[in-house]
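Read the figures in this text as sums done on the coordinates, not as results from a lab. A quick note: this is a predicted structure, and the numbers were derived from the prediction, not measured. All Cβ positions, glycine included, derive from the backbone under ideal geometry; neighbour counts span all protein chains shown.
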Number of protein chains: 2
Amino acid sequence: MKSEIIAVGSEMLTPYRQDTNSLYLTEKLNGIGVTVAFKTIVGDRKKDLVNSIRTALGRVDILVLMGGLGPTEDDRTREAVSDALSLKIRREGTLVAALAARAAQWRIPLPSNNLKQADVLDGAVILTNPNGSAPGQWIDTTFEDHRKLIMLVPGPPSECKPLFDEECLPRLREIVPPRFIAKRTLRAAMIPESQADKLLAPVYTTYTDVETTILAHAGDIQLTLLCSKSNPEVAQRRVDELAGRLEELLEDWLYSSGGDSSDSLAQIVLYYLGLRQSTLAVAESCTGGMIAERITQVSGASRSFLGGAVVYSDTLKHAFAGVPPQMIAEHGAVSAQVAKALANGIRLRTGATLGLGVTGVAGPTGGTEDKPVGLVYIALSSAEDTEVIEKHFRGDRLGIREWTTQQALDLIRRILR
Amino acid sequence: MKSEIIAVGSEMLTPYRQDTNSLYLTEKLNGIGVTVAFKTIVGDRKKDLVNSIRTALGRVDILVLMGGLGPTEDDRTREAVSDALSLKIRREGTLVAALAARAAQWRIPLPSNNLKQADVLDGAVILTNPNGSAPGQWIDTTFEDHRKLIMLVPGPPSECKPLFDEECLPRLREIVPPRFIAKRTLRAAMIPESQADKLLAPVYTTYTDVETTILAHAGDIQLTLLCSKSNPEVAQRRVDELAGRLEELLEDWLYSSGGDSSDSLAQIVLYYLGLRQSTLAVAESCTGGMIAERITQVSGASRSFLGGAVVYSDTLKHAFAGVPPQMIAEHGAVSAQVAKALANGIRLRTGATLGLGVTGVAGPTGGTEDKPVGLVYIALSSAEDTEVIEKHFRGDRLGIREWTTQQALDLIRRILR
């Protein structure tokens with residue numbers, strides 16, 4: 001069955017705000033075998049809304065209308081559905097009472113325009129919204145001789161998501177023919193996107209019953225494999241078979257291939273550190289704290305990650321990681337020597353098993369002919385050895401810092417593995 | 001004039017990828033007085049594409065079609081426009097030659113399916129795409145007796161944006177009646193969104209000719225004021241007048257109110273540090289590097305920001321900021337005392353004018369009855385004084401870290417101002 005999601009709200013037609021609920025709803029709809037064929041974003045004008053609703057009902061079976069259920073004058077989704085389907089609206093007494101009770105509980109007067117939220121379309125089932133004042137509505141009706149399922153759900157994510165999960169999904173499951181969806185996620189680090197596609201496309205395109213999506217960002221590649229079948233075992237077998245072949249092709253680039261979810265590179269690094277009973281400390285110059293920030297995004301990072309220093313100034317490179325000032329004077333702050341000294345120094349100062357040192361030119365200023373913007377040195381030091389790599393990243397300041405962070409985490413992963 | 005943006009590509013109907021180009025195009029269209037009334041996302045199926053194109057031409061004057069111009073079988077935008085408008089397609093000799101030259105330059109053979117990119121709709125103007133192999137197309141035609149402007153632009157952001165700016169905008173400007181758009185952006189820190197709206201809405205809603213948008217994220221509020229008039233002076237006067245009234249209401253919360261762009265809180269902090277000829281160093285525990293990362297996002301941060309330490313473990317709180325172990329044993333790592341000691345210690349160790357110390361419980365684990373998840377202490381130390389604040393933030397791990405970072409930067413701003 002085909003569906004359309006319409007996000008209602010003029011603020012989502014500005015350059016500043018985007019609908020993101022639809023990503024969540026899409027995942028849930030796909031999960032029960034429903035395809036999302038169209039997404040529409042429309043403003044608060046009733047005429048435009050009615051047009052969008054009639055268009056959607058002409059091309060899909062299932063319509064999710066998101067937003068425009070609040071109490072203000074701009075909230076016109078109910079009226080638009082009424083116009084589009086010629087359904088009457090009635091004010092529901094139990095909902096008026098619930099709104100009054102809610103207002104009394106918050107000790108605020110109940111403004112008369114709030115009563116709009118008690119308006120229900122003829123034949124609609126009221127969907128309880130425990131997280132807000134506007135209830136949702138479920139309509140199972142006929143449009144141009146075809147059965148149509150229409151859901152009105154509130155716009156705020158904290159109301160939309162639980163209401164959709166608890167009120168819409170169970171009702172849809174009873175109607176949509178059951179499909180099983182098998183899923184696998186693979187993640188790889190530092191393989192260029194074009195190379196990944198050239199390597200993998202000849203294989204995954206032959207699996208026409210598995211939907212393969214590749215997402216790439218700053219040295220991180222995420223492959224999602226989905227297969228929808230009426231037979232769960234067949235779906236799982238197809239996904240696992242393809243995953244196995246892609247894993248082989250990805251070789252060392254692959255860092256995570258768990259079941260239907262996946263771990264971040266920082267999680268994998270922390271996992272290996274735990275396994276080897278090792279600890280890590282970092283001394284960051286050009287990344288300015290980004291590596292530490294990414295590692296400490298993971299709850300429980302403190303078991304293996306001690307912390308470190310953001311050695312943005314040359315003085316701090318000396319004070320916190322013991323880099324000799326004459327080394328900086330001789331080779332420059334951006335050099336293999338200084339990266340190594342940072343890695344060694346931070347390891348010795350903190351007593352960590354592993355020390356990471358990073359220095360580079362993030363730009364947009366500060367580049368020279370010898371040391372252009374994007375030049376980065378990353379060093380990893382242990383009691384036995386210090387490894388240093390030189391990289392030239394392209395992109396803006398943020399991009400160069402993100403690629404450097406990814407490369408640094410990948411270096412740790414490769415050495416620990 | 002009303003417009004619609006259609007983003008073409010099945011990957012944007014998955015839970016993993018979103019159209020973002022449309023935000024950029026919306027800003028540019030608004031900038032010449034064109035409203036975006038609808039945005040549609042549609043997959044690669046030709047039938048769905050034709051349906052979307054015909055729907056759009058029935059409700060708007062200007063249609064931007066983004067994506068589906070590449071060489072693969074899934075790239076069907078040209079064919080769909082041909083079907084929707086009954087326009088013939090011809091293979092353009094000069095474009096075939098250009099594709100061949102491009103392939104020769106890259107020393108790769110020219111696959112026959114690549115020639116699709118040389119297909120041009122009857123009556124279309126070819127729009128040069130210096131950043132990719134698929135050119136854009138501009139069609140000025142009639143649909144159901146109304147004039148329609150249709151643009152086919154490539155999907156990749158690096159091709160879409162420059163092509164739209166250089167080829168589409170100048171052509172639109174010649175046709176769209178000239179409007180002047182005045183813009184102001186105000187930013188405020190640490191005022192709750194609901195409070196900001198209660199405070200400001202009674203004023204900005206009375207300026208019905210100024211479009212006010214409020215964006216809120218983790219303690220940061222951004223207000224954008226737009227006014228479109230045929231008379232530039234009137235538009236600017238209206239926006240400036242409203243901005244002045246909102247500035248007064250925002251009092252100390254306001255941190256930036258520059259012309260049509262705005263500075264981040266980190267930029268403002270660096271600006272004040274420069275003005276006072278002060279330097280800053282940070283000692284971060286629960287934020288794990290996020291504060292340093294946010295400051296060093298700003299190019300040139302090194303003039304005032306020395307760096308600091310990520311003191312995730314108690315050992316490093318002592319080693320890098322001189323926090324006495326018995327203080328941690330007595331008061332706990334999350335305490336006002338330790339925050340102050342971190343701020344003082346990092347200032348003295350680095351020789352900075354100002355030292356910032358942050359400690360807290362970011363969760364989701366590690367909270368106790370006395371020290372629940374979300375409890376945070378932030379201290380700022382100078383030679384004269386140390387100020388410490390206690391906060392209780394709600395939210396998940398990321399949210400608590402983001403609010404803490406924002407609060408820390410705002411504390412520095414308020415003390416320097």
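Here are some notes:
- If both residues of a DSSP beta bridge must be in the range A:265-416, then about 55% of such bridges are antiparallel.
- A point 7 Å from Cα along Cα→Cβ stands in for residue A:115, and the other copies hold the same point at 7.1 nm, listed in rising order.
- Whether the range B:180-256 is rounded, prolate or oblate, judged on the alpha carbon gyration tensor where a/c under 1.5 counts as rounded: prolate
- Euclidean distance between Cα centres, the range A:67-88 to the range A:229-259, Å: 45 Å
- In order through the range B:5-14: 3J(HN,Hα) via Karplus (6.51 cos²θ - 1.76 cosθ + 1.60), integer Hz, x for Gly, Pro: 10, 10, 9, 9, x, 4, 5, 7, 10, 9
- Each Lys and Arg adds +1 at its Cβ and each Asp and Glu adds -1 at its Cβ; summed about the Cα centre, the protein assembly as shown shows a dipole of about 100 debye.
- Placing a label point 7 Å from the Cα of residue A:348 along the Cα-to-Cβ direction, the distances to the matching points in the other copies come to 2.5 nm, shortest first.
- When the Cα positions of A:230, A:185, A:255 are compared along the charge dipole of the range A:180-256, A:230 comes out farthest toward the positive end, with charges on each C-beta of Lys, Arg, Asp and Glu.
- Residue (of B:133, B:41, B:114) at the positive-pole extreme of the range B:2-175, dipole from beta-carbon charges: B:114
- Screening chain B for whole DSSP H helices with an alpha carbon extent of at least 24 angstrom along the helix axis and a mean Kyte-Doolittle hydropathy of at least -1.0 yields B:232-250, B:397-416.
- With contacts taken as Cα pairs under 8 Å at a separation of at least 6 residues, the range A:265-416 carries a relative contact order of 24 percent.
- Sites residue B:59 and residue B:396, calculated FRET efficiency, Cβ-Cβ separation with R0 60 Å, nearest 0.05: 0.90
- What the phi angles of the range B:114-124 give under the Karplus curve with 6.51, -1.76 and 1.60, with θ = phi - 60°, is a coupling list of 4, 5, 3, 6, 9, 7, 10, 6, 4, x, 7 Hz, glycine and proline written as x.
- Shape call, the range B:2-175: gyration tensor on alpha carbons, a/c limit 1.5: rounded
- Across the options A:338, B:242, B:283, the greatest Cα extent toward the positive end of the charge dipole of the protein assembly as shown (unit charges at beta carbon of Lys, Arg, Asp, Glu) belongs to B:242.
- Beta carbon of chain B nearest to the axis of the rotation taking B to A, residue and angstrom distance: B:289, 2
- Each other copy holds its own label point for residue A:205; taking that point as 7 Å from Cα along Cα to Cβ, the gaps run 5.6 nm, nearest first.
- Shape call, the protein assembly as shown: gyration tensor on alpha carbons, a/c limit 1.5: prolate
- Computed from label points 7 Å out along Cα-Cβ, the spacing between residue A:241 and residue A:108 is 5.8 nm.
- About the centre of its Cα atoms, the range A:180-256 shows a dipole size close to 240 debye [charges on the beta carbon of Lys, Arg (+1) and Asp, Glu (-1) only; nearest 20 debye].
- Using the rule -39500 (n - 2.57) for each DSSP H run of four or more residues, divided by the residues of chain A, the 222 nm mean residue ellipticity is -11500 deg cm²/dmol.
- The dipole here belongs to the range B:265-416: it is taken about the Cα centre, uses +1 on the Cβ of Lys and Arg and -1 on the Cβ of Asp and Glu, and is about 400 debye.
- Between the amide H of residue B:143 and those of B:148, distances stay under 5 Å, these residues lying 5 or more places away or on another chain, with hydrogens modeled in the peptide plane.
- Along chain B, the longest continuous region that contains none of the GluC sites (Glu not before Pro) in a DSSP loop with at most 10 other C-beta atoms within 10 Å is B:145-368.
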